[in-house]
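Data block below; observations after.
The values are calculated or read from the model by the stated rules, or taken from the named source; none is laboratory data. Computed from a predicted model, the values in this text were never measured in an experiment. A quick note on method: Cβ atoms are made from the backbone with ideal geometry, for glycine too, and the neighbour counts reach across all protein chains shown.
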């Protein structure tokens, strides 16, 4: 079996698209411990936000505007 150092050396010698794919697969392999309660809470939160936008209670803004607002907050 190859050492971690050898695997890293081999992985880093791959072209960028293959390194990205490998990184994605490695991260996916770590995501086996999904807490059902947390997943349910996030799903409920996403549905609530969706419903607020659909009903007009909340007006969405573009990602660019959201980042601009965050930058302004960080500058002050």
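Filtering the range 1-21 to residues that are assigned to a helix (DSSP H, G or I) and under 24 Å from the mean Cα position of the chain (by Cα) leaves 8, 11, 12, 16, 17, 18, 19, 20, 21.
For the range 24-53, a tally of residues being closer than 30 Å to residue 11 by Cα and modelled with pLDDT of 90 or more returns 3. As a summary of the residue check, residue 60 satisfies the conditions (1) assigned to a helix (DSSP H, G or I); (2) touching a helix residue (DSSP H, G or I) at 6+ places or on another chain (Cβ under 9 Å) except for the one numbered (1).
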